[in-house]
Structures are given as structure tokens and as C-alpha cells.
């Protein structure tokens, strides 16, 4: 009979792979947009490749982010089954892994929501594209850190250990906040969320759409559309 | 424009809230509280009130610099004729420099609960039970620091009543020991050839690693100052079997932390050469020139480099190639029994030999000797389990005894056949052993045969700690379990924590429930040792960190951390995207 440990290994590899694909696609799309910005001084072959690839990369990245969020949730479930429930909170490393997994899921969900909210036109705005890319990179970093903790739990070591040694971080130590600090952060965050939503509503930008007309003054970016090189030829 | 209005409205809301809320909060402020010295000469008459002091933590334990200390001044009884009554805390008696701050204390909160904090608190009514709480931060300076309590009241006469002092011992918090993690080889690994011992040594906060030392079976084999250590070890230099690899890290405060793993070295070492003397036969009578020949079988992968033929310590011939032979001139020796030993050495300096007894009989007067032949085990055999020594003896005279000696020690004597002895391999140490069977007839003439065997025996038990699985902080009740691979059965398995025996068991599963609250917070050494039926032992050890103080409510803290982190992530993303949209809106001229 296949144990939950084996199933969790499978799902962990799955979400790791899907989210890595998502992060790589988003980063490559950003690079392709930069190539498009400097297309006058770039070799034509590179510009052509960037133009051809970015549409596929953006779409793949979006799909991978959404799939990755579901895969993360599935992984969290199999992980909770794999570890003995009565000993779940005995281990600080497990607690840290749970916390980081929730953070990673939240951040990836926010990445997906940003892409859903603004659609492809987000790539026409350098600042929003940068925001989207940085969020994906940070989310990937937290996902990797959670994975590193998982490796420590199962193998006692992680391929990222050299990174922790390099930066002098001991990821095995408990990172839980004190109750007071958690409460303060929660209250401040809630106030910020409510304030921002109110401001967005009052200022009328809650329905704001991004687009080339608004964002291409500096970047001259257009949307990464699949098959656009054929359109360009015509 | 609408945005500016919205921001202004928000600011106005905050201001209105502040204006309303702050007075409500400050309503509880008790006017007349103040910083007030001990003033031992201000009030001269003893009050009728009873006053006591208590603290948390207790003064019986040292506290760290900057630790939070709660002081209660309790007053009971009643006062008549007073116009005001107050309680205070002070760092010393005397009329000056007696405020807690004069001795390095910082008051975080006072009984009034107001934002403005004093060491003196006036209270009403002037009767009944009162308990006044101050929360303070301990001084940074180490040493003893006292706090005094005092009740003062004035009216028709100025009264006082003292309590305390509570004297705290402020000590620096001990720095934890270095944490060592051996990442390779894994505990219970079977290794061969050259291996690398790798891992990390992490100093506790506030310390740094000064040295990392590799010990194998207690002997130092290397050292470094790198926190990411890597030691090359050639296991050929170790005997096959269990060995303990220990890495000890020492920090700049001479605190040490270590981790040990037990590995089994299993190098394919060629067996010793096996020598079989073909001619003459054991016990044979010989005269004149005698051709002595032997066959030699080298171990796998080895070659024979030298074969020596000797009587006693005198070599009468040697050979380096097949067939190995030499000529013995028996005329050079007196008549009687002599031992011919043929020794072969291979290219790895491993040796094997066989000895036979011949009777030189050039004068024709030499007596017959008992002829011994060891049938089992064979010369050069490698023995891993208990075995029988079986010999045949032929003699022309009645035998008085047939003796078995292993390594020169008697293992038994028989007067009649069959000549069979059972030998427990666990009674022999690993390594080569000489087995000698000597027969003595009734004329006191002795004949013997001697062979060489090698005993590998069993290995010590191998212990692998299954849980805890990783370093990190633990709290509450945890399961400590181990998997034990027995060597020669299991006598018992012992769990020790910080060197103290906690539990033991004689049969699997070796699993125990341990309450970490019974141990002080900090690094804790978990050791599980298994002892087999022949007394050999193996162990595994790891250092874990116990943190009950910070983890009393891990589930609640984890939930709070998740809520705080999730909300802050959502807030951050909303702020970022909103900021970008504002920026775009402005640059793009609005939607």
C-alpha cells in the first residue's frame, strides 16, 4: 500500500515543479518585454525570439500559477496526513514549514489575482510588470524555503543549506511571532487593507484598466499576445 | 481630487478618534502620582497598615539583564486621619538616589495603568486589601539589585511602613553550545574506501565557532575552523566493523557541542595467503636431503611475493614463484622432532603460514611421535560464527592427552577421541588466531599441528535515532525512538538525556515518550545506547534544542503568525498595486 509519505513526496515534487515553471515563465516574460523595449539596439533574431516567446510564456506562467496554488493546497493536505497528527506541533521545523507554506500559498494566490485583475495589459506597464515579477520571485523564494525545511525533516539536509550558511540564517529555528507582535501586525494590516480599499473606491481606480495608451510612454510595451509575430508580418 | 478628499477624510477620522479616545483612556490616571524618593527621614511613625512585597520571577533564580520583572506591593489594614496614602518602590533606602532608575531599573508600567509612569502611587480607600503592581525592566549591569516597598501617608502625622527588600541576582544569560550537524556519512551507513565527513557547525547567538575537530573512535583525525566542515577519511586505515565518527565544535567561549554517527567499515580486504605443505607430511620421519614443497593460495586480488621455509627462526630456503619448494639438509639438525614452518607473504604484506612436525632420523634412533591433523577448520579459514575444532591423532604409543590451544590459551583437553571442541566465536577477538592441537603419548613425546584462522566475529549493535528527526526547538511531550540493528542479540537499550538514564528496554520497539518540560530549555543531548549479549555496545547521539519557555502555546502562536503574515501579504500586494495604479493614473492622465 502506498503511504501518505510517498503521496506527499509526489505532490510536493508536483507543486515545486509547477511553481518553478510559473516563476521561470514570469521572469522570462519580463526579460522579453525588456528586449522589446530595447529592440532598436538589439539583434533582430533576439527581438524576434522575444516577440514569439512572450505570449506563450505569459500564458503558461498564468496557468502554472493557478495550477501551482491548487497543487500547494493538495500538498498541504497530503503533508498533514503524512506527519503523525499528535506529534505535528512537537517540532518547531514542522511549525515553521506550515507557516511558510501558508505564506507561499497566499503570495502565489495574490500573484494569480494580480494577473487575473489586470490581465495581459499589466505587461504594458513597467511598474505593474515589475510588481508582478517581484511578487512571483518572492513567492518562489518562500516556496523554496518551505521545501528546504521539508528536506531537513526527511533527509536531515537540504540542497539550499549552502545558501543558509552563506547568509547566516538558521531556517530550523522557530520563527513564530509573539502574540503581541502578531496582534499589532494584524491590526495594522487590517487598517491598511481597509484604507486602501476605501481609497481605491473613492478615487475611482477600483475599476481602472491598464493598457497601452496609458502605459507605453516610456516602455513602448505592448501586450504579449500568442502569434503576434504573424500579426506583425501582415 | 477625489483621492485627496478621501485621504483628508481618513485623517480627519483618525483625529476625531484620537480626540475622543485619548481622554477616555487618560480618565483612569490618578492625579498626584509622582516620582518619589524613599525618603527615610520624611516619615517617622510606623503605620498601622501591614505591607508585603512579592515578585515574578522569584528572587531565588537569577535573572537576565533587561529581563521583565513584576513587583507587587500589598497593603492591608486601615489608616485613620490620613489625608493621602501612597505606595512606592525604591532601589535603596535613604533620602537621595533611591528611585529604581538610579540603579538601572526601568519602570514599564505602574499601578495606575496610565501612560505616564511613576514609582509612587496614591490610593484610596485607606482600608482593606490592596495590591499594587509595577512592571520593570531589570538593570543591564550584572550583580545584585534590590527593590524596596514602602507605604507612606500623611495627615495628623506622617507614617510609614516598609517591605522588602527583594534582591535580584542579575546574571548574563548563558550562551547555548554550538550545534553540530553531520550531513555525511549518515548514521548506520556502511562505508568503504575514501569517504568525506561533511556537515555544519553553528554557534549559538552571540558566539562564534573557533574549532571543529573530527574524532574517530575517540582519536582525533582532523580539525578545521570552518563552520562548513569537510574531512577526508581513508577507511582502509580502519578495521572492518563499527566505528564512531564524532565531530566536536568549540566556540569562542570554550563551549562545545558535538554529534556522533556510527558507521560500519566494510572494505574488501584480500584474505591472508593460505599455505598447505604438500611434502613431507606431518609427523613423517625424514633423513638426508628433504624436498619441502607447498602450495600457496593468495587472497582475491593479491599476489604472492615471498615464501619462506624455516625450522625455528632459521630460514633454510625461500621461493618467489610456483611451485614453492626448498631443500632441507636434515644432517644439519639433531635427530628428533622439528617444526617446519612455511610462511607466504603477499604484495600487501599479509602473511599466512603452516607448520608441520617432522622427525629427523639420520641415526635411525629417533622415536615415533603422535601425528596430529586438524580437519576443521581449514588453515586460513575466515570464521564468522561459532565453530568446532576437529582433529585426528595417530600414535604408536597410547596417548595421555590431546590439548586444544588458541592463541596459546588452553581451550580444553581430551584423553580419548573423538577430538572435537566447540568454540564460541564471541569469546575470540576479531583478527588472526593460531589454533594448535598437541598430542602427548605415554613417553611424553609430543606431536602437534598448528593452523592460522581469522575471526571477523559480529559487529557491535548499530543504533539509529528515528525521532526526533531533525535539529530544532522542541517542547511539550515528544516521542524518542530508535531502530537498533543487533550484533549478537540485544541485552538492553538505554535512553539517556544529558547523560542521565531516563528509560531502558530489552525488546523492540525502542520508543519512549519524554516530557521536555522536565529538562531545562537549551541544548539537550539525547543518547541511545544498545548493548548486545556479548557486551558489545553501539550508540547514536544527537543534540536537540528544548524551548518550552517560548512555546507554551505553539498552536495559538502559529495561528497568530499565520493570520498576521497572511494579512500583511495581502496588505502589501494591495498597497503595491494601488500605488502603481495611482502612478499610472497620473502619468496616463486618468482613465
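The values are calculated or read from the model by the stated rules, or taken from the named source; none is laboratory data. Just so we're clear, the structure is a prediction, and the values are computed from it rather than from any experiment. Glycine gets a Cβ as well: all are built from the backbone with ideal geometry, and neighbour counts include every protein chain shown.
Of note:
- Residue within the range B:69-86 that is under 38 Å from the mean Cα position of the chain (by Cα) and buried (at least 17 other Cβ atoms within 10 Å of the Cβ) present: yes
- The range B:156-214, subset on the phi > 0 side of the Ramachandran plot and out of contact with any helix residue (DSSP H, G or I) (no Cβ under 7 Å at 6 or more places or on another chain), residue modelled with the lowest pLDDT: B:206
- Residues (surrounded by fewer than 12 Cβ atoms within 10 Å (Cβ to Cβ) and at pLDDT 90 or above) located in the range B:215-224: none
- In the set (1) closer than 23 Å to residue B:447 by Cβ; (2) within 54 Å of the chain's Cα centre (by Cα); (3) without any contact (Cβ under 8 Å) to a residue 24 or more places away in the chain, the condition left unmet by residue B:320 is number (1).
- For the condition at pLDDT 80 or above, surrounded by fewer than 20 Cβ atoms within 10 Å (Cβ to Cβ), in contact with a helix residue (DSSP H, G or I) (Cβ under 8 Å, 6 or more places away or on another chain) and at the interface with another protein chain (Cβ under 9 Å from one of its Cβ atoms), residue B:575 qualifies.
- Filtered residue count, the range B:191-211, keeping only those that are within 13 Å of chain A (Cβ to nearest Cβ) and either in a strand (DSSP E or B) or closer than 24 Å to residue B:265 by Cβ (or both): 6
Per-residue answers, yes or no, for (1) surrounded by 14 or more Cβ atoms within 10 Å (Cβ to Cβ); (2) over 24 Å from residue B:378 (Cβ atoms):
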site: B:308; (1), (2): yes, no
site: B:317; (1), (2): yes, yes
site: B:320; (1), (2): no, yes
site: B:332; (1), (2): no, yes
site: B:347; (1), (2): no, no
site: B:362; (1), (2): yes, yes
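- When the residues of the range B:254-271 are filtered to those that are in contact with a strand residue (DSSP E or B) (Cβ under 9 Å, 6 or more places away or on another chain) and surrounded by fewer than 16 Cβ atoms within 10 Å (Cβ to Cβ), the one that is farthest from residue A:164 (Cα to Cα) is B:270.
- Exclusive hit being touching a residue at least 40 places away in the same chain (Cβ under 8 Å), under 54 Å from the mean Cα position of the chain (by Cα) and assigned by TED's automatic domain parsing to the domain that holds residue B:66, set B:130, B:153: B:130
- Reported count of residues in the range B:281-298, each being surrounded by fewer than 19 Cβ atoms within 10 Å (Cβ to Cβ) and either without any contact (Cβ under 8 Å) to a residue 60 or more places away in the chain or not in a loop (DSSP other than H, G, I, E, B) (or both), is 7.
Residue-wise test of (1) assigned to a helix (DSSP H, G or I); (2) within 24 Å of the chain's Cα centre (by Cα); (3) at pLDDT below 90; (4) more than 9 Å from chain B (Cβ to nearest Cβ).
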| residue | (1), (2), (3), (4) |
| --- | --- |
| A:137 | yes, yes, no, yes |
| A:140 | yes, yes, no, yes |
| A:150 | yes, yes, yes, yes |
| A:163 | yes, yes, yes, yes |
| A:180 | yes, no, yes, yes |
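- Among the residues of the range B:434-453, those that are under 23 Å from residue B:238 (Cα atoms) and buried (at least 18 other Cβ atoms within 10 Å of the Cβ) comprise B:452, B:453.
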